[in-house]
Structure formats: C-alpha cells, structure tokens
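Reading through the structure tokens given below for one structure.
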Amino acid sequence: MNKAIIGGTGVYGMDGEATTRMVSTRYGDVEVDVVRITGEDIVFLARHGKEHSAPPHLVNYRANMMALKELGIQYVYATAAVGSCNEQFEPGDIVVLKNFIDFTRQRPITFYEGKEGVIHADMSDPYCSDMRRWLLDAARRRALPVRGEAVYVCTEGPRFETAFEIKMFQTLRGDVVGMTNIPEVVLAKELGMCYAAVGIITNWCTGMETEPVTLSEIQGALALNKERVTETFLDVFGNLPDETRCSCRDALIRL
Ligand code: HPA
C-alpha cells in the first residue's frame with residue numbers, strides 16, 4: 001500500500017469497498033479509508049474530515065501527512081477547490097498545479113522545528129514532476145479536460161480575498177487561489193513523498209465579476225468534476241511506470 005488520494009472540499013470519499021482506519025501520529029489521530037480498487041489498496045483521506053469540520057486555517061496538515069507516511073505512502077494525488085484569477089481558466093475547469101506562492105500567515109508549516117538541526121526543503125519542483133506528467137498523460141487518454149498548469153496562491157482564509165488582493169496576485173502571476181495547499185505540498189516534500197494536485201475551479205476570484213461567489217456555483221463545479229478527477233488519479237495509480245526521474249525522495253538540505 002503506497003498510494004493515496006487527498007480529497008479537498010466536495011470530495012469526501014471514493015467508490016469501492018472501504019475500511020475505515022484510525023492512524024495515530026505525534027500530531028494527532030487521523031481517520032482514513034482504505035479502499036480496495038482492482039486488487040490494490042488505495043488510501044483516501046478527506047482533508048477537512050468527512051463532515052468538512054476543519055476550516056482551512058485549522059486543518060491538522062501535519063497529522064494528515066504524517067499519517068500517510070506512517071501507512072507507507074509514497075505517491076499522493078490531491079484535489080483543491082480554487083478560485084480563478086486568470087481569465088484563461090474558468091469556473092468548471094480543471095488545472096494541474098505547477099508552482100505556488102505562499103500567503104499563509106499562522107499555520108504550522110514544517111515538521112522540522114530545530115531539534116533535528118536546521119533543515120530546508122528544496123522547492124525547485126514543489127509538485128512532483130513525474131506525477132504531474134503522468135496525470136497530464138492520463139487526462140489526455142481519458143479526455144479529462146485539463147485546461148493547463150497553474151500557479152497556486154495560498155491565502156490564510158477562512159475569509160475570501162479582497163478585490164485588491166486579487167489584483168496583487170494577478171501582478172505576481174498567480175493563476176488560481178485557494179486556502180489549503182500550503183503547507184500540505186511542503187510537508188509531503190519534507191517527508192520525501194511524491195505529491196501532485198489538481199485545482200478544481202469553482203468560481204471567479206473576488207472582483208473579477210460583478211456577482212459575489214455563490215454556494216451553488218461552488219457545489220456545481222465540484223459535483224461535475226470530482227468523479228472524473230479521482231478516476232484519472234486511479235488510472236495513473238493502476239499504471240505507475242517503474243522509472244522515476246523526480247527528486248522528491250531527496251529534497252532536504254541539512255545545514
Ligand atoms: N479564494 C480562496 N479559496 C477558494 C476560492 C477563492 O476564490 N474558491 C475556492 N476556494
């Protein structure tokens with residue numbers, strides 16, 4: 001068992017024979033589903049909890065990622081609901097995240113608090129280059145309409161952004177905005193895991209259209225896309241190439 005899917009907002013489970021498991025970590029307990037799919041166990045973790053009880057700034061990201069590590073996971077695909085601040089990516093579109101800009105402020109961001117010495121994670125390829133490539137290939141095979149690769153801006157939340165914050169993110173060349181991918185992608189790298197994520201675009205960011213974001217807009221885009229995205233992840237997992245070229249297992253710099 002070495003593959004996992006993290007479901008973001010709107011993605012709370014997977015079809016298949018599932019067994020619930022509690023994993024204890026030094027950061028807290030995490031509930032996961034182990035789902036039997038074509039003869040293989042795949043771990044499913046609902047980022048916010050199955051009842052969507054943890055808001056983005058209070059998700060226990062370290063417990064979530066450590067639980068996956070303790071289960072022996074090496075490959076992680078995640079979904080993230082995002083707003084678009086790039087006119088080329090519309091609500092309902094799917095994008096593969098290729099890089100990020102971090103505007104979070106006060107969440108725990110690392111496993112390395114100094115006890116093990118000073119450790120830095122390399123971020124030249126924050127999202128695993130192999131997993132991104134495999135995902136884009138599988139999306140093409142399955143005719144999953146991936147609009148492109150996107151730069152993800154992570155805000156602290158839980159409030160949405162102001163129109164002027166969005167203008168700033170556009171100037172910085174951000175494409176989509178969400179509240180959860182930091183520190184998740186960073187913690188995966190600290191643990192030597194291969195991690196990639198798709199953004200499911202639920203709305204235009206604040207100020208990009210006259211109407212404010214509505215709940216039904218967000219729910220519609222998620223309902224439309226969640227199954228085809230998880231099926232594409234499973235397609236990759238069912239056909240993982242032997243050869244890996246990424247450097248995710250070796251991304252820590254110790255001083
Ligand atoms: N901003 C931040 N997070 C989000 C948005 C948004 O517009 N849409 C979905 N998650």
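The values are calculated or read from the model by the stated rules, or taken from the named source; none is laboratory data. Small disclaimer: the values here were computed from a predicted structure and weren't measured. Heads up, the Cβs are rebuilt from the backbone with ideal geometry, glycines too, and the neighbour counts pull from every protein chain shown. Calculation scope for accessible area: heavy atoms of the full protein, side chains included, ligands and nucleic acids excluded. Shrake-Rupley method; radii C 1.70, N 1.55, O 1.52, S 1.80 Å.
Considering Leu136, Leu97, which residue is at pLDDT 95 or above, assigned to a strand (DSSP E or B) and either of a type in the set (A, V, I, L, M, F, W, C) or open to solvent by 60 Å² or more (accessible area, probe 1.4 Å) (or both)?
On inspection, the qualifying residue turns out to be Leu97.
Which is open to solvent by 50 Å² or more (accessible area, probe 1.4 Å) and acidic (Asp, Glu), of Glu190, Glu243?
That would be Glu243, the only listed residue that is open to solvent by 50 Å² or more (accessible area, probe 1.4 Å) and acidic (Asp, Glu).
So is Thr79 open to solvent by 10 Å² or more (accessible area, probe 1.4 Å), among the β-branched types (Val, Ile, Thr) and either within 27 Å of Glu31 (Cα to Cα) or within 18 Å of the chain's Cα centre (by Cα) (or both) or not?
Values: open to solvent by 10 Å² or more (accessible area, probe 1.4 Å): no; among the β-branched types (Val, Ile, Thr): yes; either within 27 Å of Glu31 (Cα to Cα) or within 18 Å of the chain's Cα centre (by Cα) (or both): yes.
No, not satisfied.
Within the stretch 70-78, does at least one residue satisfy the condition of being within 16 Å of the ligand (Cβ to nearest atom), at pLDDT 95 or above and at negative phi?
Checked against the condition, which is being within 16 Å of the ligand (Cβ to nearest atom), at pLDDT 95 or above and at negative phi, the stretch 70-78 yields at least one hit.
So Ala18 passes all but one of these: (1) open to solvent by 30 Å² or more (accessible area, probe 1.4 Å); (2) touching a His at 6+ places or on another chain (Cβ under 8 Å); (3) among the hydrophobic types (A, V, I, L, M, F, W, C). Which condition number does it fail?
For Ala18, the exception is condition (2).
Counting only residues that are within 19 Å of Gly192 (Cα to Cα), of a type in the set (A, V, I, L, M, F, W, C) and at pLDDT 95 or above, how many does the stretch 101-133 have?
Here the count works out to 6.
Go through the residues of the stretch 35-55 one by one and say whether even a single one is within 13 Å of the ligand (Cβ to nearest atom), touching a Gly at 6+ places or on another chain (Cβ under 6 Å), in contact (Cβ under 8 Å) with a residue 12 or more places away in the chain and of a type outside the set (Lys, Arg).
There is no residue in the stretch 35-55 that is within 13 Å of the ligand (Cβ to nearest atom), touching a Gly at 6+ places or on another chain (Cβ under 6 Å), in contact (Cβ under 8 Å) with a residue 12 or more places away in the chain and of a type outside the set (Lys, Arg).
When you check Thr104 against the structure, is it more than 22 Å from Asp250 (Cα to Cα), open to solvent by less than 70 Å² (accessible area, probe 1.4 Å) and in contact with a helix residue (DSSP H, G or I) (Cβ under 8 Å, 6 or more places away or on another chain), yes or no?
For Thr104, the condition - more than 22 Å from Asp250 (Cα to Cα), open to solvent by less than 70 Å² (accessible area, probe 1.4 Å) and in contact with a helix residue (DSSP H, G or I) (Cβ under 8 Å, 6 or more places away or on another chain) - is met.
Can you work out which of the residues in the stretch 193-223 that are open to solvent by 10 Å² or more (accessible area, probe 1.4 Å) and hydroxyl-bearing (Ser, Thr, Tyr) is farthest from the ligand (Cβ to nearest atom)?
Among residues in the stretch 193-223 that are open to solvent by 10 Å² or more (accessible area, probe 1.4 Å) and hydroxyl-bearing (Ser, Thr, Tyr), the one farthest from the ligand (Cβ to nearest atom) is Thr210.
For residues in the stretch 25-46 being modelled with pLDDT under 95 and either part of a loop (DSSP other than H, G, I, E, B) or not charged (D, E, K, R) (or both), which is farthest from Thr79 (Cα to Cα)?
Filtering the stretch 25-46 for residues that are modelled with pLDDT under 95 and either part of a loop (DSSP other than H, G, I, E, B) or not charged (D, E, K, R) (or both), the one farthest from Thr79 (Cα to Cα) comes out as Gly39.
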